[in-house]
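A quick write-up on the structure given underneath.
No lab work stands behind these numbers, since they all come straight from the coordinates. The structure presented is a predicted model; accordingly, all values stated were derived computationally and were not measured. Cβ atoms come from the backbone with ideal geometry, glycine included; neighbour counts cover every protein chain shown.
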Amino acid sequence: MGNQIKTTILLTLMTVFIMWVGNILGGSMGMIVALVLAGGMNFFSYWYSDRVVLRMYNAREVGPHDAPEFYGIVERLSQRAGLPMPRLYVIPQGAPNAFATGRNPEHAAVAVTEGLLNIMEREELEGVLAHELAHVKNRDILIGTIAATMAGAIMMLANMARWSAIFGGFSQDDEGEGGGVLGLIIMSVVAPLAAMIIQMAISRSREYLADASGTGFSGNPEGLARALEKIQASSGKAPMDAEPATAHMFISNPLSGSSLMNLFSTHPPLTERIARLRKLRPPGSSPDRSGGMKSQAEDFWNSLS
């Protein structure tokens, strides 16, 4: 229920925000148009946003014959986690990264880059895929995918406002309503910040929990820790061609690099996640189908959060 409530709140806030933008661009008539637009976007985001994100990265679907190790690991982990088998995709990029998407566990997809498949050993790949399946199990994927679609729409509206302010368009409607040029300028600054704050609020705490829950599925926190180290080492060598609106969906921020970008990152620092995983490492432990180890991991994470 927690993420269902969060999704409803997110959609409501985005509807109000888009109506505010409509008022600035066109007064009361602009608000009506924006309300209709927001309703259409909410419907589209729920049913189709996962397909948009996958197409954005030219992801191709693979099966057991195309990527046997990838498929076999996910199949085994899904059974252990009590999840339906998700659709699997490979992104044609060299930077190691991965994300999960979909509106629910029955319509989930897991996508990894070619770079991730090329550099990860089996235990490391298991750690990454267990993390992504944890997002599915914890029902993070719908709100994350909707946030990506909404953030993209907000950025588009911000660009429209910026150009409208420059060229003097949409300043007022016939009744003298609307925010004028000053309102357009303010919105062009506020909108990207709003999108970034939404992404940060959604993803930072969920990444820690997915690390912990994924450990319960794989039974090997060291595998994910080593995988995150490899991703961290590769971040500057093979930058990923990624859309800012989707950055929060990946296991590691694909836009990381500068200290300023890290300050506003949608993800907690990799070094902190690796350190927590290594503290969690239980000697001689094994995965528990009943979820006992998952509960232990989540209790540990909550104590640190």
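Summary table below
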{"item": "3J(HN,Hα) from dihedral phi, the range 87-102, Karplus parametrisation 6.51/-1.76/1.60, rounded to Hz, x for glycine, proline", "result": "6, 10, 9, 10, 9, x, 9, x, 6, x, 6, 6, 7, 10, 8, x"}
{"item": "Packing rank of 242-253, 36-47, where each peptide gets the mean count of other beta carbons within 10 Å, highest leading", "result": "242-253, 36-47"}
{"item": "Least to most buried among Arg122, Arg139 (fewest other Cβ within 10 Å first)", "result": "Arg122, Arg139"}
{"item": "Packing-based exposure ordering (other Cβ within 10 Å, fewest first) of Asp140, Asp50", "result": "Asp140, Asp50"}
{"item": "Inter-centroid distance (Cα atoms) of the range 219-246 relative to the range 81-154, Å", "result": "13"}
{"item": "Protection proxy ranking of 85-95, 67-77, 212-222 - average other beta-carbon atoms within 10 Å, highest first", "result": "212-222, 85-95, 67-77"}
{"item": "Principal axes of the range 17-111: Cα extent on each, largest first, Å", "result": "56, 31, 17"}
